[in-house]
Amino acid sequence: MNGAAKGAIIGGVFLAMVGGAGYGVYALVGDAGDDSGKGPGQGVGGDTSVVAAKGSGPITDKEAAQAAKAFLAAWAAGDERAAADLTNNAQAAQSAVSDFKYKTYVTKTVITPGRQDGATVPYKVEAEITYEGVTKPLAYESQLTVVRGLTSGKPLVDWQASVIHPQLQQDEKLRAGAPASPPVKAVDRNGEELTVEKYPSLRLVLDELRETYGGKAGGKTGAEVWIEPATANAPKRTLLTLVEGEPSTIKTYLDAKAQAAAEKAVAKYPESSVVAVQPSNGHILAVANNRKDGFNAAMQGARAPGSTMKIVTAAMLLDRGKAAADKPAECVKEASWGGRSFHNLGNFELPGASFATSFAKSCNTAFIKQIDDVKDDSALSKEAREVFGIGLDWKTGVKSVDGKVPEATGAEAAAAYIGQGQITMNPLNVASITATARSGRFHQPVLVSPELDGRTVATAQRQMKSSVRQQLVSMMRLTATSGTGANAMRPVGGDKGAKTGSAEVDGAGSPDSWFTGFSDDVAAAAMVEGGGHGGDAAGPIVAQVLNSSASRP
């Protein structure tokens, strides 16, 4: 180590005496193991700062153990230069290790490796952070992988931000001190506190509420350890509170019991998201995600919504007098438009079916065959924007992405009628579409009151015709009782309706599963990436949220 730390194997444990004022007294780095036949704790002997010379071929267990041990010892000792030289990205590693010491105020570090798995070495970090006279522990587990240097041939730590902390993503940084925004206490519509510990899916939402409203609501800043995001408009993520601040209270429109039901529902399906809203006023009742990447796809996603879009398409056709719930709507096995052929799932057909039945059974061809009668490439886009508020500038109180229904011609227009092509939505957008169909009026979804910051919410250009609403709701009721949504909606009580959707994604082995429904004054929509048919994965999520008696405002 470049003079910053001297080490020796003592009782099978590496002891690094630390130089550098104020960083700490000692750091212990346990034995990462090797391929010499010795067991854990027996050591490998020699100077652990020496990494194997240039080699070739796959990294051996011994090379990985020695490289990991040397890097962890240098990091624990606070020798950022030595640690950086043992990685394949010295510049990024040196900056990160230096930040760990100086910008996170770490005064002592103990790093203990776990059981090695080939070139991967897990470890536990036990650090002490001291800021303005307050010292608190920060403990977590992470892992590193050793690779062979492309030019040097030496075994080197494959540098990733997560080496320093498992929650760090690319270009994110670990920081400590007094944050810019005071803490907030977020409560639901009934005054119940909403915490990350109880509602993990709300982490990003709660962080955004703090970033946006913490400074406006009168709280006082304390001291924390946090993850600084890579982009300026993303919220920071608090890891540890060093000094308690004085939080202000932010009231949301969320419903704690609805949120609990949503969290449990998405937990059953990987890569899933759900949103529930109140049709009578647009209040967002629940937001939940179960995703590896931690992304708030429920409110910020943008993927083809599949046949849930038929709610908007049906409204447009009813609005223009091109269809009626009780009138025939030819449902054939296959239909062509713009040089492209479209078919129904399993090539089913419904001879003599009404428009309501074709909607309930999700017949693609019955909708596509209507294009020639409409004779307006902008019809669907207009209906989506003017009646359902899709594409307007929604200001929900936290970051959200509006749906997109661009004008299209030819085959793209046909695809749009059934929720494919260039159309993109997220569960918030689709839940709002269902809420609009249910109430007959667009209420822009809101998570916190606009009075909190004086923001202007979006309003639709025109209200849905009463006759359109009546027919649309009746068709959604049919879908929930005897159509493609019947199985999922069977346990749901109240006045209920639904629409299923399956959206094909290029390169994906299975389509995205979409489902939306309402029960009384609650509307919900869910999406499961790669989940298959809408009723199979997304359907049970929506049903669980709707069926929770506690979720009824």
- prompt: So which of LYS236, LYS310, LYS257, LYS333 ends up being charged (D, E, K, R) and free of Cβ contacts under 8 Å to residues at least 40 places away in the same chain?
  reply: LYS333
Selected residue (criterion: nearest to ALA524 (Cα to Cα)) from residues of segment 261-310 that are small (Gly, Ala, Ser) and surrounded by fewer than 18 Cβ atoms within 10 Å (Cβ to Cβ): SER280
query: Where residues in segment 396-448 are part of a helix (DSSP H, G or I) and touching a Pro at 6+ places or on another chain (Cβ under 7 Å), which of them is farthest from GLN471 (Cα to Cα)?
result: LEU428
query: Can you pull out the residues in segment 91-134 that are out of contact with any strand residue (DSSP E or B) (no Cβ under 9 Å at 6 or more places or on another chain) and in contact (Cβ under 8 Å) with a residue 12 or more places away in the chain?
result: ALA92, VAL97, SER98
query: Looking at GLY493, is it in contact with a Phe, Trp or Tyr (Cβ under 7 Å, 6 or more places away or on another chain) and not aliphatic (A, V, I, L, M)?
result: no
query: Do we have any residue at all in segment 451-469 that's in a helix (DSSP H, G or I) and farther than 20 Å from THR313 by Cα?
result: yes
query: Is it true that some residue in segment 527-542 is more than 20 Å from VAL275 (Cβ to Cβ), touching a residue at least 24 places away in the same chain (Cβ under 8 Å), surrounded by fewer than 22 Cβ atoms within 10 Å (Cβ to Cβ) and of a type outside the set (Asp, Glu)?
result: yes
- prompt: With respect to LYS292, is the statement that it is basic (Lys, Arg) and touching a residue at least 24 places away in the same chain (Cβ under 8 Å) true?
  reply: no
query: Which one of these is closer than 22 Å to LYS236 by Cα, surrounded by 19 or more Cβ atoms within 10 Å (Cβ to Cβ) and touching a Leu at 6+ places or on another chain (Cβ under 8 Å): PHE71, PHE100?
result: PHE100
Qualifying position, being touching an Asp or Glu at 6+ places or on another chain (Cβ under 9 Å) and closer than 17 Å to TRP75 by Cα, among TYR199, TYR140: TYR140
query: Looking at (1) within 15 Å of SER181 (Cβ to Cβ); (2) without any contact (Cβ under 8 Å) to a residue 40 or more places away in the chain, which is the one condition that is false for TRP226?
result: (2)
- request: Determine which member of the set LYS236, LYS216 is over 26 Å from ARG189 (Cβ atoms), among the basic types (Lys, Arg) and not assigned by TED's automatic domain parsing to the domain that holds ALA458.
  value: LYS236
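The values are calculated or read from the model by the stated rules, or taken from the named source; none is laboratory data. Bear in mind the structure is a predicted one, so any value in this text is a computation, not a measurement. Positions of Cβ are backbone-derived with ideal geometry, glycine not excepted, and every protein chain shown enters the neighbour counts.
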